[in-house]
Each structure stands twice: as C-alpha cells, then as structure tokens.
Amino acid sequence: MSASARLALAAALLASGCAPEAPDVDWPHYLGDPGRSQYSELTEIDRANVAELRLAWRYDAGDLQPGVSIMDSSPLVVDGVLVGLSPTLAAFALNAATGEELWRFRPDGAANCVQRGLLFWRARAESDADRLLFTVCAVLFALDPASGRLDDAFAGDGRLDLSTFVDGARLHMIEPGTAAGEFIVFGLRTPGLEDDAETGSAVVALRGADGSLAWRYSAGSAGAMAFDAERRLLFAPTQSDLLALDAANGELRWQRPVIGVGQWLTDQAVAAPTLVTVASAGVPVDAVAVPTRQGRLHVFDRDSGEPLGDPAGMPLAAEAFRPSARTPAVAERMAHLATLMEEGPNMPPTPAGRLMFPGLGAGTGWGGGALLPDAGRLIVNVQETASVLRRIEIPAGFSERSIYMQHCARCHGADREGLYPDRPERYGAGGPSLIGLGERLSSTDIRTVIERGRGSMPAFDQLNDLERLALETYLLSDADEGQDDSRRARSLQAPPVTLRDADGLPGNAPPWGALMAIDLVAGSVLWQAPLGNYLSHPGLGLGSENVGGPVATASGLVFIAATPDMKLRAFDADDGSVLWEADLPAGGYSTPIVYRAGGRQFVAMAAGGGRFGPPSGADYLAFALPP
Amino acid sequence: MKPSPVFACGIGLALAGALLAGCAPPADPAAGEWRHHGGDLASSKYSPLDQIDAANFPELEVAWRWESADKRLAGAYDTGNYTATPLMVGGKVYAATSHGQVAALDAATGEQLWLYDPRSWARELPTQLPRRTRGVEYWTDGEAERIFVATMGKQLVSIDAATGQPDAAFGDGGIVDLAGDLGVDDRVMAHISHSAPPIIVRDTVVVGSKIHDYVSENRNPPGHIRAYDVRTGALKWRFHTIPQEGEPYTETWGNDSWKVQGNTNVWTMLAADEELGYVYLPTSTPTNDYYGGERPGDNVYAESLVCVDVETGKPVWHFQTVHHGIWDYDIASAPNLVDIVVDGRPIKAVAQVSKTAFTYVFDRATGEPVWPIEERPVPPSTVPGEVLSPTQPFPTKPPPFDRQGASEDDLIDFTPELRAEALEIASHFRLGPIFEPLIVEGDGGKVGTLVVPGAGGGASFPGASVDPETGILYVDSFTSPTGISVVSTADNVTQSQSEPGTSDFAYEVKYQPAAGPQGLPLLKPPYRRLTAIDLNLGEHVWQVPQGPGPKDHPAIKHLNLGLLGSGHSAGAVAEGGILVTKTILVDFLPTMDERRQASGGHLRALDKATGQVLAEVAVDRSLHGAPMTYAHEGRQYIAVAGGGGREKAELVAFALPEGGY
C-alpha cells in the first residue's frame, strides 16, 4: 500500500466515525515481528477483563472442502487491513476492525498446498511499492496490498516460480518468507531431494523491489526464519541444524546441530527460531532459541553460535516412553503392546511395529514459542505422543480380495453389493452394500467399524494388521478393479500412526499436550499446564495433541488454540491458569494474532480444522472486549 | 370433497390478514406454527392451514432449501438418510441435523440465522443403527424460548432460541449428561444413545432412549425414562420401565431378571397432555427381542403404553400390548391424543397404533379401553425354556389395519404356477395367526415361523396422524412377513456372538429368508396400505394400497392388477409420515431408479375422504422426513427433510408461487 492509500484509508476511517481513540497497532510480520516473538505490546485486554472477550466479527474465507481442507494460515495486519489466506490459498483483505471484505485474489492454477502465512514487504525507496507476497505450492505471488491485484513491477507479472532456483518441480512452500531489509528470503526444499543440497534445497534472497535473485545458499531449509536486523543475520532452521546466514550475501556464519532427525521421521515441521536475550553468567546475551520436535529447547549465542545452557538442549517433555495407565484396561493393553514392539529412534520400521518416542508430531512444532521480553520468559506448547512404524510383509499367494471373501462376503455378498440388495433397510437379514464405501466413510471410520463392529455386525478384531490393511485397501478400491496381486511377495511401509488406546486417546502416559513457561534467565521451567482436551472426553484434563502456536501480550496473557476440542484459550502468563476460553467453529490449528484497529484491541485467528477429525472450517474470527 | 379454488383462496387471504394484523394468539396452532415434532403435544401431525389444497397442489414450487449443516462434519460417522422434522415458531424454523446440530432458519427464505453444534459426533460411537437425530423440542414461558435436543452423544441440550447459544443456567453450561441418572453403573454405555426429540410438558423435559438390540450379554442399559427441570436441568424423576427393588411388577420378571435385563426403552416419539399433566410412553421389547427364557413372566412395562404423571414420574395407568414379547413388537410410534365421541359419550382418548397392526384406544385419563380388549388364548412355545403368556390382548375394535398372521389362504395365487411355488416355499415355515410362537430352527422340519405383520410391518415409527376435527386417524402400514427362528447359542455363531457359547442367552434369533416366488412377495397384496379409521365409531372408513408394488413384475404384468402397495421388497422403508391439513393429506413415496437408488421424490396430496391420490409434485431430492407445514407472512409452506447418505442432505420447503395464493 502506498503512503497515499494509507492516508485514504485513515481518512475513510475518520469519515465513518470510527476515529481511533488509540493509534492502530499492526501485526505486519508472520508471528508478529522479524524476531518471531509472537508477542504484542498491547495491554487493553488484561487479566481483569479477559473473561469479557466476545466475538467481534467473523469472516467466511470460503473455499471450504468439508472433511478435506485445512487452513494453517496466520494472517497479517498492515495499516489497519487484515490480510489472510483461505483453505485453498485465495488471498483476502478485510477491514481489521469490522471484518468487512475489501478485496479477494484468487491465484491461478491448482492449489492443493498449504501455507502458514504471508509476507509484507514495505517499500524502501520512493520508486518502490509496498508488496504483499505469498506462495502457493512453488509459485510466489506479489500483490498490491491496496487493490489485491498482481503487482506487475515484481518479476514481470507479479508471479515467480521458485522451483527455477532448485532442480525440482515438486517444490511445496509451506512457510512464508522473511523480509530482511531490501531482500525477501525463502527457504526452498524439495521433498525427496533433501540429501542433495546442491540441487534440491536452498535459501534464496530476492530483491523486494523487483524479485530478482540477490543470493543463493545451498542448504536444506524447512522452517520460517528469524531475522536480526541489527546484525543483519538470518537464522534458518533445517531438518537437522540451525544456520546463521549473513543476510547481505548469504554467507554461512555458523551452523549447529539441533534436531538429529533420521530418515524415518522426515518432513517434520520445525519451529521458527525466536530471538531472545538470556543471562549468561549474569551478563545479558543476545541469543536465538529453537524448540524442537524432540521436546528440547536449544539456545545459542547469536554472534558465536555457542550453545548456552545444556548443549543437548533443555528438556521440555518426557524423555522415555511410559505406557498410559489411564484405566486398568488401558494400562494392561498398552504395557502388552509395548512388549511387542522394539523401541528406538532412527531405526527402520519392523513388522511388529517400532515404537518411537517422542513420536511424529510430538515436541514443539511449527507453532514455535511466544516471548515475554520483559520477563525473559518463553511460552511454548509441547505434545507428548508415541508413534508406531510398521513394515507390512505381504507374502506371495495373498490377495486383498481373498481376505474380503473370507471374512465379509458372507454378509455383504461376493461382489460387495450386499446380501439382499433389494432390502437395504433390513441389516438384520444381511449386510448392506459396500460399493462406494470410501465416499460415505473415512478410512478411520472404516477401520473403526471393522475393529469394533456396528449394529448387527460383529467386531473383526481378530484380523491382524496385514489382513486389516488389505481389507481397507480392497474396500476403498473401485468395484471393477482387478485385485490379483497374489503372485509375488511385497512389502509396504504402513503410514506412521500415533499409539492410541481403545478409546482413541494417546497410548503413552499423559500429559499429551502442555503449555509451559520457560524462564530464560534461570534456564528452568516456570510452570506447565495441560493444554487441550479431546471432544470425546471433554473433561479429562490430561492435555491433547496440538498444532499451531501461542501468542503473548504485554498484559501477561497467552492466547493459544491448537487443540482438538476446538477452543481458543487465554492463559495467565504468570501461572498457567486458564482465564478465558471460547468455542471455535473448527479447530484453530494456526497461530493467533493480536492488533489494535479502530481503537480496539483484537485477538484474531483462522479456525481451519481438518485435523484430528472433522470438521474443516473456513472462518477467521476476531475477539475483542465489548465496545 | 374438494373445496373450490375460490373458496380456498378466500380462506387463505383471511388467514393472511389475521397474521398481518398480529391478532393470532401465539400458542394457537391456527397461527400456523408447528411447535412440536408431531405438530402438537398430542402428536396429531395436523394443521388447520388450508392455503395449499388439492386444486393448487400441482403448482407447488420449492420456496427454499437449506443444506444440512452436517456437510461441515464430513468425515464424522455416517448418518444415512436425513429424516429430522423441523419446527416453526415465531417466523423461525428450528431444524436438527442428523448429527444433532441445531439451526434456526428464516421461515420465509431458509436463511440460516444461527447454528449450534453440541459436538455429539465426536463422542462415543453409538452401536445401534440408524444413527441419526430425528428432531428437536420447543419450550417457552412466554418470554424465554428454548430449543432442546437429545443427541446420539448422550447430551440433553438447551439452546436459547434468541442467540443459538446453550442456556448456561441449564445443566452444565447448557448440557445435561444423559450417561448419568440412569440408576445403573455396570452397563455398556455405547449401547445407549438418543435419537427421538424429548417432549416438554409442564416445564418438565421427558427423555427416552435408543438402545442396541443385538447383544449377547445381560446388563444392557435399561430404558428408564428421565425427566428434568426445563430451566435448571435438575433431574425431577426417573421412571423405571423395568421395575426395580420394591416397586410393583418385579414379579413379572422371573429369575430376578429385572436386575440384569435392559432395553424396554422408548426409542420413538412421545405424546403428552398438558392439561392432565400426563406423558404417554410407548415402550419396546426387553433385551433379546426373540427369546425370553431368561426373563419368565409378563415383563411389565415392556411393549406397553404407560401413562405417567409428569410431576411425580409415577405411573397412572398402563396397558401391555404384548405379554412376554418375543416378536420384536415394540410400540414404534407416539400415540395420538384425540377427543372423540363414542355412542354420544365424549371421551378424551389416546389411540396407539402398533407393529401388531392393532389400534389400542383408551380413555387417556383412566386407561379404560374405549372398546373391550379381550385376552384370548394363544399357543405355547416349543422352544426349550421359553414360557409364553397363555393369552394375548386382542382389541375388539377397531379392526386391525394390516394382515395379521398367515395361512395357506394368504399365499399369492396370481397364477396357479405362482401359487404352487408359494406353497412350496411356505411349506418350510410354520404358519399361523398373530402371536404364533417362534421355533428352534429345524423343529418339525420347519426353518422358522413366518411372522406377520413382522417386526418391520404394521405401523412403524411414523405412526398415525389424526384430524382432531373429525376424530379420523390415518395410519400407514406394511405387510412384512419375516422368517424367524431361534438357534441355540451353545453351538451357533449368531448375530451377537462370533464364538459359540459366549452369550448370556440360551437362544438367539436367526432370520430365515422368506422371499416369495420369482422375487414376488409370498403373501397376497396389498404390501403397504393407508387406512383411515373413525375413532368415534371404531371402524375403518377406507383402506387403499400405497404405491404400485410389483404390479409390473414380468410374471404378473399381464394380469393388470392395479396398485399392490410398495412393500419393503419394493425399496420402501418406514419413514416420513402423514401430514393432515384442513384440506388434504400429504405424504410421499420413494421413487427408485433401475439401480434401486432413490431418484428424487414425489410429494403427494391425498383425498381425506377416500385416500385417492389427487395431485403430485416431483422434486429432485429423495424425501425421508415427516412432512410438516406452517404459515408465515400469509404463505403456507410444507417442509420435508431429504437426501443424506450419498445425496446432499437438505430441508426442502414447498409453497405456492408468490402472488399466486
């Protein structure tokens, strides 16, 4: 948005009688600022009044795909305008105070990709223009923030295919880029080509003014970067290391291992680093902190890269697997399961299942940490779950259809059309048709029915994993498809699953999800509170799996959603008590933002759902105190 | 007799004028509202509206559609057809989705005003099919307005009709956990859920339950009825459908089976009399629908109509329609409360239609039968351990509205060849009148008993409708002969046990295919019928077959038989219901394409005097819910739920073209 457009908007706001009582405070960067603080200086909403928070506006971003879509995006607020992305990555702009739509932009081409945020680049010269940038799969779009139109002054027509910088067409950008002075910087990563850093992955810096390449550093990079403007240093997390790059030329300053992920747990999202200040021997040190999927917090001196505190990282979660003992039955089953499985990190899956702890999705994910700078405190959400990795050996002579014929055809017919197709209502007289089952039931639902039975159908819990997987494969295949793969032995790696008990709750000892405050000065955990519940067990209080991050305010509040119980909560940053919660129309698996517009402080976020079961959502919601 | 269009138009305008003037009292159904699932607490399914009549019925068009908000829950468990009946109060339509979400819609446009999701879908998966919520209940004290829903996730929810938010004063944040208050703590709770809406009378919310039928264990949840304070959600009383320690009738549950038996629930809708302060409970069969050897005795209050004082929860009177039931003859529908005049004597009556094809009619205050109901001898069982009641009740009036029992005379005789084939098939079954005992498979060389009307026959959950102005009852029924035997659980895999010898019951059901020759039915038509019964006289007024049935089957097409009635084998299912208005009856029949998939629906207008189809309107949606009607701003609407499963689930509202009424 140009300066004149900003003035025009301000004039419009004044003319409409919405004269701000206090100056607007934007949220112009992903996670708040280039240091990824996830922090707002606003104090209008505080411990005393947070219970009064109400829904101020709600915007349907459209493009909902029920049962399918997710929406991870965290929006920006620039000059009183909120910009965000729909589930299919259409961009939109709203009056941040009212939720009124100002424009929408539909990127061309299929958009079966996710994106966690946008990048605003402020013009640095009179000849430049402000730009709103976001990626859809491999393509970077540059828009005029005032109109939502493609900005022709960038890369020719406002579009830039980032896969031209790496040798891979499957580039799937998930994190927004980072504004670093005159540059905009992106971590590029091609799934499957991470090992080939020369061609597969890179960090590239483009000139914000025209999209031309400024520099390129060959290294796998996944997460959002933090930028230290004073030092002109970029901190880039990869699957295995934290890199410090000179933002001027892309030269590597230092590199430190932080994660140690092996080949069986690739594609793990990593948190954006947070620029913090810690005390080292009583002296304040500018540092960068990274919480990891392994449930550890690493802190490094920004200049030297020297680890501060425990070089192995400060533990935030349990180090070893313990089976859940939520009920005697669960304890018995989990202990039994654990004996069947080999445990250990970075080892290949086994037919019996390898138990991995922490599991996939555990520790701290891309939600990152929220900093309370004055208190020297970092708030992070962590998850403690175990994963089971299985290799399924399929012997020769085995076909999916034969499993069906053996167990199911008696009631559902040899051709899956049901035993009595003319009497579909009489389940008692034979099973219903299973044709097109995949359109009616999710694979999870199918598995549940097979394992537990339904109506007059008995449970088929005697099936082993191989048989059940084969059955699911057959039931989800088209009726006419040939199913004879019986002549050769095969092997397939089952998708990693979270270890769960019979009720669908995690099979490890709770807490399964927690919010915790880390005292960066003392290097210790200040408090820890259970985070989230499951809709099936809404009062359990043992925490839940969580996706998305927290945001903190100077008034000592922490806002976070992230949980399957579809709530947005406000925690007290001093003791972790829950001060307020609101139901969201779908799970809020993104990071909230905090801003002031039209004289009011808002907490806003996308509720995209689509994880841990239905529903999916397309709403952005903004909460504020009653006017 | 059809009213002339001019006459109908005049009434319509007068009604519109009354509504515009705002002089219609809000509680008067004449205002065109539909406040309860059955239209009123009496479950009449009647509306005095008359704008839509037989003459203009063909002009009906779709005024609005509302796609069920369950679309957003894609990935949650399957709920099949969308059947919930909406309400209309004060210009707002209140609709439940199959997953128990509740929406308020603009009555003129169908625009969604609010949606509340109690998140029932995420809770424990109920085992009993079908999994769907059938509707909501409305309550007001003149100021506050509440919408209540009982969910499959065992929640009783009170929603503020103004805001769509749960009423914080009710239960825990607007929700009462129905897993509690049952008085038992050792039952498998996945087997109990809620599908029918609660009913509210005298500020008391009365809730039934839906309980899994096919279990192999004792200790299935019992169907005790619970009542809650409408404002606070505090439990007011619990009525034990299976009597408990110290209560009357435990002696009708031999072997102390009252301690372990379950079911005996009210899974269907309820009816109530606000003035008397009574609620009427139609109960179902005890656990193990088809073998009662472990529960010797009459098993009171199973398969009974129970009148309960809504203030105290004490039974006022009850009538057991089947003693010691073994045929799954649940009472499947709400009774109809209707004021009649018999031999010059005015009676506040209650009429209960049933799967037995009987209509049981009582004085609803005293429980005295309006016409004698005789206990007649019935045959004993040959199944080891099964001691049947020596008698069963037979109403002397009205006559049964569907075929009861079967003899060789009832087998089809369309052609001599078909009759010979039918005789051969029937020879494998034990035939006999209603209440013919079940047999052990193979006993006497028979595979089982041919049970008629059958558990899927007679009057199912849509029940009957009543015109309170005439006292005429309209009931839709099926003839559904079902081959049923029992088998020993010691050495058979059964519906409920995959390992022999693991059942608590000595015998369990085994269905025996009883299809007739060449895919035709085994018994003579009709297979589905609509019957009008004058409750003042206890006599049928007319009876007509519903739907074409197999009249075009190649083996009989040449006989030009006319309508035979579309039974279950023709793809018909017991759903929907009869809407009675001042002018017409409204219902629908399923329309099947060549793949037996539902292919749109046909809303029909029937003559109240003859049952003849007077007009039809086609719609591109299979229809499944009970039709309801309301008037808003001078326009009459008929709304029906349809679709679901692989189809889009939606409410479809029909009305005459604007300006055309």
Let me check the size of the protein assembly as shown from its C-alpha atoms; what are the radius of gyration and Dmax in Å?
34.0, 107
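Take every Cα-Cα pair in segment B:505-582 and report what % of them are more than 22 Å apart.
On the way: 1276 of 3003 pairs.
Percentage above 22 Å: 42.
Among bridges DSSP assigns within chain B, what percent are antiparallel (round to 5)? Please list the in-between numbers first.
Numbers: 136 of 145 bridges.
Counting only bridges with both partners in chain B, antiparallel ones make up about 95 percent.
For the protein assembly as shown, with every protein chain kept in place, what is the accessible area per residue (1.4 Å probe, Å²)? Can you show the working numbers first?
Working: 45400 Å² over 1288 residues.
Accessible area per residue, the protein assembly as shown: 35 Å².
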On the accessible surface of segment B:368-502, probed at 1.4 Å with all protein chains in place, carbon and sulfur together account for a percent value of 56
Semi-axes, largest first, in whole Å: what does sqrt of 5 times each Cα gyration tensor eigenvalue give for segment B:409-465?
24, 19, 8
For residue B:502, solvent-accessible area (1.4 Å; no DNA, RNA or ligand), Å²
80
Ranking by accessible area, most exposed first, for B:251, A:384 with a 1.4 Å probe:
B:251, A:384
With Cβ to Cβ distances under 13 Å as the rule, what net charge do the other residues near residue B:410 carry (K, R +1; D, E -1)?
-2
Listing of segment A:588-622 residues, each with accessible area lower by at least 40 Å² in the full protein assembly than in the chain alone (probe 1.4 Å)
A:614, A:615
Segment A:431-445 and segment A:290-353: distance between their alpha carbon centers, rounded to Å:
36
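Would you mind telling me the antiparallel percentage of the DSSP bridges in segment A:63-190, rounded to 5?
Working: 27 of 28 bridges.
About 95 percent, rounded to the nearest 5.
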Expressed as a whole-number percentage, the relative contact order of segment A:536-583 with C-alpha contacts under 8 angstrom and at least six residues apart is 25
Nearest 5 percent is fine: what portion of the DSSP beta bridges confined to the protein assembly as shown is antiparallel?
95
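Could you check how much of the accessible area of segment A:54-116 is carbon and sulfur, as a whole percent, using a 1.4 Å probe?
Working: 1060 of 2250 Å².
On segment A:54-116, the fraction of accessible area on carbon and sulfur atoms equals 47 percent.
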Jot down the per residue volume, in cubic angstrom and as a whole number, of the convex hull over the alpha-carbon atoms of chain B.
149
Choose one of B:55, A:119, B:239: the residue whose Cα lies farthest towards the positive end of the charge dipole of the protein assembly as shown (beta-carbon charges +1 Lys, Arg; -1 Asp, Glu; about the Cα centre).
A:119
For a label point 7 Å from the Cα of residue A:231 along Cα→C-beta, name the residues of segment A:286-304 whose backbone N is under 20 Å from it.
A:286-292, A:297-304
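Using only protein heavy atoms and a 1.4 Å probe, how much accessible area in total is buried between A and B, to the nearest 100 Å²?
Working: alone 25030 and 23150 Å², together 45400 Å².
Separately minus together, A and B give about 2800 Å² buried.
Given the convex hull over the Cα atoms of segment B:201-337, what projected area results after averaging over all orientations, in nm²?
Working: hull surface 30.8 nm².
Hull-based average projected area comes out at 7.7 nm².
Over segment A:280-387, with every protein chain in place, what whole percent of the accessible area is carbon and sulfur at 1.4 Å, could you tell me? Can you show the working numbers first?
Numbers: 2470 of 4250 Å².
Answer for segment A:280-387: carbon and sulfur cover 58 percent of the accessible area.
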Calculate the length of the line joining the C-alpha centroid of segment B:170-206 to that of segment B:424-494, in whole Å.
32
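Using the 2.2 N^0.38 Å rule of thumb for compact globular proteins, work out how segment B:360-402 stacks up: its C-alpha Rg over that value, please.
Working: Rg = 13.8 Å, N = 43, 2.2 N^0.38 = 9.2 Å.
Against the compact-globule rule of thumb, the ratio is 1.51.
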Debye calculation, C-alpha points only, no solvent: report log10 I(q)/I(0) for segment B:443-523 at q = 0.18 Å⁻¹, in the same order as the q values.
-0.86
In short, segment B:496-514 residues buried by 10 Å² or more of accessible area relative to the isolated chain (1.4 Å probe) are B:498, B:511, B:513
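The values are calculated or read from the model by the stated rules, or taken from the named source; none is laboratory data. Quantities reported herein were computed from a predicted structural model and do not represent experimental measurements. Note: ideal-geometry Cβ built from the backbone for every residue, glycine included; neighbour counts use all protein chains shown. For accessibility, only protein heavy atoms count, side chains too; no ligands or nucleic acids. Shrake-Rupley method; radii C 1.70, N 1.55, O 1.52, S 1.80 Å.
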